[in-house]
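Everything below concerns the one structure shown next.
The values are calculated or read from the model by the stated rules, or taken from the named source; none is laboratory data. Model, not experiment: these values are computed from the prediction. When we count neighbours, we look across all protein chains shown, and the Cβ atoms used for this are built from the backbone with ideal geometry, even at glycine.
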Amino acid sequence: MIIGLDEAGRGPVIGPMTLSGVQIRKEDEIILKELDVKDSKLLTPKRREELHTEIKKIATKIKTITIDAKDIDDLRNKISLNEIELNAFAEIINHLSAETVYLDLPERNSDFPERLKAKVNRKINLIAEHKADERYPVVSAASIMAKVKRDRKIKTIEKEINEPIGSGYPADPKTKEFLKSYFKKNKKFPESVRHSWKTIQNIIDEQKQSRLFNF
């Protein structure tokens, strides 16, 4: 048995971060390759949904953790985003049972792998690499599971707000425009927004300056 780990939504200002672990038989890696499983960012939403269904058939176990925007904000008062991710990955590994684990490393040259192993309740063989989701099909599978879960959550948020919010990433013009107009109209942000992100403070500061200037 082997496990692949990856996350979706580490950087967005809107919506949750989702982290997935996919456990498969080592010999079933070939099936993932035949399905052309790859990093979720390289796939269309339609293809991700199709592969999501196929991966569920192949996996012996899947564990996904969703951390909502408010929980991310609350946790960041105490620990770093890396620590939040590390704790979630440890929980996923502890829920699954394979000893060989492949991880898409959030950053190069860090002590993340050692700290992660210290939180796992059994001895594991951890292969942690930057861009592992492009090299190992089982990590690509985890990337797809996490991304589909997050995408579905973003669609739910859009329905609740009843207007387009874009991808939720700070660099997305649609997301930026939505945040500015929502704050201007409501003098607050939706619950699904990560208030601890610099993007939010920048919008607040911009609108304060604009009001002062107009006054």
Pairs with Cβ under 8 Å, 6+ apart, first in the stretch 29-41 and buried (at least 19 other Cβ atoms within 10 Å of the Cβ), second β-branched (Val, Ile, Thr) and part of a helix (DSSP H, G or I): Leu32/Ile55; Leu32/Ile58; Leu32/Val138; Val37/Ile55; Val37/Ile144; Ser40/Ile144; Ser40/Val148
For the stretch 63-105, how many residues meet the condition of being outside any helix (DSSP H, G or I) and touching a strand residue (DSSP E or B) at 6+ places or on another chain (Cβ under 8 Å)? 15
Residue that is free of Cβ contacts under 8 Å to residues at least 24 places away in the same chain, touching a Lys or Arg at 6+ places or on another chain (Cβ under 9 Å) and surrounded by fewer than 18 Cβ atoms within 10 Å (Cβ to Cβ), where the choices are Pro173, Pro164: Pro164
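Here is a yes/no grid of residues against (1) under 21 Å from the mean Cα position of the chain (by Cα); (2) at positive phi:
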| position | (1), (2) |
| --- | --- |
| Arg115 | yes, no |
| Ala118 | no, no |
| Ala132 | yes, no |
| Lys155 | yes, no |
| Ala171 | yes, no |
| Lys187 | no, yes |
| Arg194 | yes, no |
| Lys198 | yes, no |
Going by what's in this entry, would Lys185 be described as without any contact (Cβ under 8 Å) to a residue 12 or more places away in the chain and outside the structural domain of Ile58 (by TED's automatic domain parsing)? yes
Tell me, yes or no, whether the stretch 196-212 has at least one residue that is loosely packed, with under 12 Cβ neighbours inside 10 Å and assigned to a loop (DSSP other than H, G, I, E, B). no
